[in-house]
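The values are calculated or read from the model by the stated rules, or taken from the named source; none is laboratory data. Fair warning: this is a prediction, and the values are worked out from it, not measured in the lab. In this analysis, Cβ positions are derived from the backbone assuming ideal geometry, glycine residues included, and neighbour counts consider all displayed protein chains.
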Amino acid sequence: MRIVSLVPHATELLFALGLGDQVVGVTHECDYPPAALELPKITRDKLPAGLGPAEIDAAVRERTERGEAIYDLDEDALADLEPDLIVTQELCPVCAVSYDEVQEVAQKLDRCPEVIALDPKTFGETMSDIRTVAQATHTREAALDLVARQRARVDRVKIAVKGVRRRSVVAVEWFDPVFVAGHWTPQLIELAGGTDLLGFAGEHSEQLPWEALEAARPEVVLCIPCGYDGPRALAEAEQFTDNLRRIGARETIALDASAYFSRPGPRLVDGVETLAHALHPDRVPEAPGRVHRVML
């Protein structure tokens, strides 16, 4: 089977199911696992490089309100790859080429590949996506094994933080304007031994004023700007130290959002483990990811 992945978390999932040798094309943002970097890229970003948070937000809003795509899909390159299966998403127009565009392009191809869309809004639905991809790729046994391993890791964290005093958390997914994380992130916080004060599981991330974060009075501010790695998340947080200082939290931490929170793939479990370590290092002494402390 020849597979094209048009969303980074699908690429990660395909490799986790042992299908890496069948993936023939990916997006320009697919950077994990490292082998994905060697594959042909069939998308590109339409936004200019070097924009700040407010400029990115404005550019995205402007394009989406006009019904324009954020990414370009190279239709000729896609046709040359002759895929049997295209994996895309419907959740977020900012995250990938739109599902409708992919469907339209796929119908023009000689082989008319199957197109499946992943649309998770909760942590449980991200696990269900494993089964969805497995059904399309005939990898049932690999999927059952992956799900079992993911659940076992989550269970170990739940046992480790059982009975602990839960720490109140506000998760900042973007800084200018401020968005607090929704979808699966509040559940990850809960699993890690925290309580999300402003986010709602299964709902869209919500834009709020800084005053709302101050009024929530969280013990921990989690800085996970969408699509950024740990050092970039820390750098973004440091640009807003005055705002973060006014919140009055005991701790402000930045984590690798791209790897562990923004993408609803297998590494969300790494996010649970890393966040549990950040919130309760006495209970979870080790973690797969690095915790960056923001000095306010």
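Please return the ranges of helices (runs of 4 or more DSSP H) entirely within region 178-242 where 1 or more residues are hydroxyl-bearing (S, T, Y).
Output list reads 185-191.
Among all residue pairs at least 6 apart or on different chains, which show Cβ distances below 7 Å where the first residue, located in region 250-262, is under 10 Å from V294 (Cα atoms) and the second is polar (S, T, N, Q) and in a helix (DSSP H, G or I)?
Sorted first by the residue in region 250-262, then by its partner, the list stays empty.
Report whether or not A106 is in a helix (DSSP H, G or I), of a type in the set (A, V, I, L, M, F, W, C), over 21 Å from the mean Cα position of the chain (by Cα) and more than 20 Å from G25 (Cα to Cα).
Here the answer is no, as A106 does not meet what is asked.
Here's the yes/no breakdown for (1) charged (D, E, K, R); (2) crowded, with 18+ Cβ neighbours inside 10 Å; (3) in the same structural domain as A276 (by TED's automatic domain parsing); (4) at pLDDT below 90:
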| site | (1), (2), (3), (4) |
| --- | --- |
| D84 | yes, no, no, no |
| S98 | no, yes, no, yes |
| A106 | no, yes, no, yes |
| S128 | no, no, no, no |
| H138 | no, no, no, no |
| A148 | no, no, no, no |
| R153 | yes, no, no, no |
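Looking at (1) in contact with a Pro (Cβ under 6 Å, 6 or more places away or on another chain); (2) not in a strand (DSSP E or B), can you tell me which one Q135 breaks?
(1)
Matching residues to (1) touching an Asp or Glu at 6+ places or on another chain (Cβ under 7 Å); (2) surrounded by 21 or more Cβ atoms within 10 Å (Cβ to Cβ); (3) within 17 Å of D270 (Cβ to Cβ):
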position	(1), (2), (3)
P8	yes, yes, yes
T11	no, yes, yes
G20	no, no, no
G25	no, yes, no
H28	yes, no, no
D31	no, no, yes
L37	yes, no, no
P40	no, no, no
D45	no, no, no
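Scan (1) surrounded by 15 or more Cβ atoms within 10 Å (Cβ to Cβ); (2) modelled with pLDDT under 95 for the single condition R111 breaks and write down its number.
(1)
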